[in-house]
Amino acid sequence: MELITDWTEQNQLDYGKEVMSVGHKLNATGLFTDDALAAMLDLHPNHLIDVLAVPNNHEYQEYRDQQLTVDFRGADGKTLIAAAKAGDIWINVREVMNRQPAYKTVLDQLHAELEDKAGKNKDRRNCRGGILISSPTARTPYHSDPTMTHLWHIRGHKRAYVYPMTQVFLPDSAFEAIVLGEMAEDVPYKPEFDDSAIVADLMGGEMISWPHRSPHRVENVSFCVSMVMEFSTQESAFINAGMMTNGILRRRYGRTPSWEHASQIERVFKSMIGRVLRKLGAQNAYKRTDLVKFKLDPSAKGFLKMVATPYQRAF
Ligand SMILES: [Fe+2]
């Protein structure tokens, strides 16, 4: 069975360059039912599962629009699915498409089909496939990814907003912060940005992709299951390394570099420096620590209970 459907000639031209969407049949694999997902979660190591709270009730008002790490130790797959259906969380099961054989077969097939449809010159390096299981109230705030992203939406209804890639929507300093690991999603957002967004209502059975760095955000309308492919390309790796150099120049040396206005020679040079800096671990100076603020608790409202004293994640 072919997994990708409705691929057009226009998709081939747009792939990697424009916001685009095609159909898929991932739901027909049987790997994304509640039972299959619960079994998959039970097999997956804790350190590759993130459970994040997206608190909606007033008690946690101060945390609105933040995603907070939840301690889910002790909860089995079934409980995690129930929590996603009833609560205010999203679960990111990292690398499961690479690590569990049944899922890996599917990821490999998607690669083969993309290669066949988009052409062999479209490189996808270090591709990681994760599964997102998220509550009806969940949302992913406005952000940009250092990787290329394909969102394969499988079950439920979610609305994706993708924004233009300009200095207004994503200033260089904000993307530099991302490649330096300073922040995950605090790219400045204004509600009026939505007027310029491409908005896609995903009902399950669509893959949406956008060009590298395009800011985006996602709002759930119901309980959702999606698969996210993240990978780098020669081009994205080149840009990320160059903008890391710019980020350090801006932060440590008070410069005001611009990637957009740089010459190709300057870009090549900065990208080379960035690769060296990364090997030296220059970005680690900017990392922030992940503090656990909630514990998953089936007896609590929304399955979440605040911990008395936040602690560093070590599971
Ligand atoms: Fe993203």
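The values are calculated or read from the model by the stated rules, or taken from the named source; none is laboratory data. Please read all numbers here as calculations on a predicted model, not as lab measurements. Don't worry about glycine lacking a Cβ; one is built from the backbone with ideal geometry, like all the others, and counts go over all protein chains shown.
For the range 256-270, does any single residue satisfy the condition of being modelled with pLDDT under 95 and of a type in the set (Lys, Arg)? No, there is no match, as no residue in the range 256-270 is modelled with pLDDT under 95 and of a type in the set (Lys, Arg). Once the range 223-241 is narrowed to residues that are in contact with a strand residue (DSSP E or B) (Cβ under 8 Å, 6 or more places away or on another chain) and not hydrophobic (A, V, I, L, M, F, W, C), the residue that is surrounded by the fewest Cβ atoms within 10 Å (Cβ to Cβ) is Gln234. None of Ser236, Ser258, Ser263 is among the polar types (S, T, N, Q) and within 16 Å of the ligand (Cβ to nearest atom) except Ser236. Is it true that Gly254 is within 27 Å of the chain's Cα centre (by Cα), free of Cβ contacts under 8 Å to residues at least 24 places away in the same chain and loosely packed, with under 14 Cβ neighbours inside 10 Å? Taking the combined requirement at face value, the residue does not satisfy it.
Of everything in the range 208-230 that is more than 26 Å from Ala38 (Cα to Cα) and not charged (D, E, K, R), the residue that is nearest to the ligand (Cβ to nearest atom) is His216.
Exactly one residue out of Arg159, Arg139 is under 17 Å from Ser226 (Cα atoms), surrounded by fewer than 16 Cβ atoms within 10 Å (Cβ to Cβ) and under 17 Å from the mean Cα position of the chain (by Cα): that is Arg159. Are any residues in the range 1-58 among the charged types (D, E, K, R) and either touching a residue at least 40 places away in the same chain (Cβ under 8 Å) or out of contact with any strand residue (DSSP E or B) (no Cβ under 8 Å at 6 or more places or on another chain) (or both), and if so, which ones? Listed by number, the residues that qualify are Glu2, Glu9, Lys17, Glu18, Lys25, Asp34, Asp35, Asp42, Asp50.
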